[in-house]
Amino acid sequence: MPKLTHINRQGAASMVDVSTKPAVRREAVAEGRIVLQPATLSLIRKNQVKKGDVLSIARIAAIQAAKQTQHLIPLCHQIPLSKVQIEFELHAKAVHITATALTVAPTGVEMEALTAVSVAALTIYDMCKAADKKMRIEGVRLVSKTKG
């Protein structure tokens, strides 16, 4: 059975000690999507959502969120982000979101990539909620992580 790394021998929550691990290049890719009505997607495509440019604002929100992950997830380490890249693909019924996070650090950037995708989707939701009451966020997951 796998060991939970954020639990100490006494069973209490504990931050992992990464002080002996070398700083190496690490990358994580996460994805998710927000399902919207076709009319809402049309408003996004035409940049006619009343609150503004949905995808530009969601991109900035996602990058900011990745940089704040340590403050949102209690046991995450503070790591220097080298890059956060957010991509959107508009489909017939959804916006697909991909986040790539890069660092050179002793621990990975999975949580930063997942946080970026989640906040991008939440931002799209917030900006479109007046126009679409049936939106749903789904499929947020880690696609890959690499180091070295």
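The values are calculated or read from the model by the stated rules, or taken from the named source; none is laboratory data. Remember, predicted model here, so these are calculated numbers, not experimental data. Counting neighbours? That spans all protein chains shown, and the Cβs are built from the backbone with ideal geometry, glycine included.
Couple of notes before you dig in:
- Cβ-Cβ distances below 8 Å connect the following pairs, each with a first residue in region 128-148 that is free of Cβ contacts under 8 Å to residues at least 40 places away in the same chain, a second residue that is part of a loop (DSSP other than H, G, I, E, B) and buried (at least 16 other Cβ atoms within 10 Å of the Cβ), and a separation of six or more residues or different chains: 129/135.
- Number of positions in region 41-75 that are over 14 Å from the mean Cα position of the chain (by Cα) and within 19 Å of residue 26 (Cα to Cα): 1
Residues are listed down the side, and each one gets a yes or a no for (1) within 26 Å of residue 24 (Cβ to Cβ); (2) surrounded by fewer than 18 Cβ atoms within 10 Å (Cβ to Cβ); (3) within 14 Å of the chain's Cα centre (by Cα):
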position	(1), (2), (3)
104	yes, yes, no
109	yes, no, yes
114	yes, no, yes
136	no, yes, no
141	yes, yes, yes
145	yes, yes, yes
148	yes, yes, no
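- Region 26-70: number of residues that are without any contact (Cβ under 8 Å) to a residue 24 or more places away in the chain and farther than 23 Å from residue 104 by Cβ: 7
- Residue match in region 32-39 (condition: over 30 Å from residue 137 (Cβ atoms), surrounded by fewer than 17 Cβ atoms within 10 Å (Cβ to Cβ) and out of contact with any strand residue (DSSP E or B) (no Cβ under 8 Å at 6 or more places or on another chain)): no
- Within region 8-28, the only residue that satisfies the criterion of being crowded, with 19+ Cβ neighbours inside 10 Å and among the aliphatic types (A, V, I, L, M) is 28.
- Listed by position, the helices (runs of 4 or more DSSP H) inside region 50-148 whose residues that are modelled with pLDDT of 95 or more, closer than 30 Å to residue 20 by Cα and of a type in the set (D, E, K, R) number at least 1 are 54-67, 110-128.
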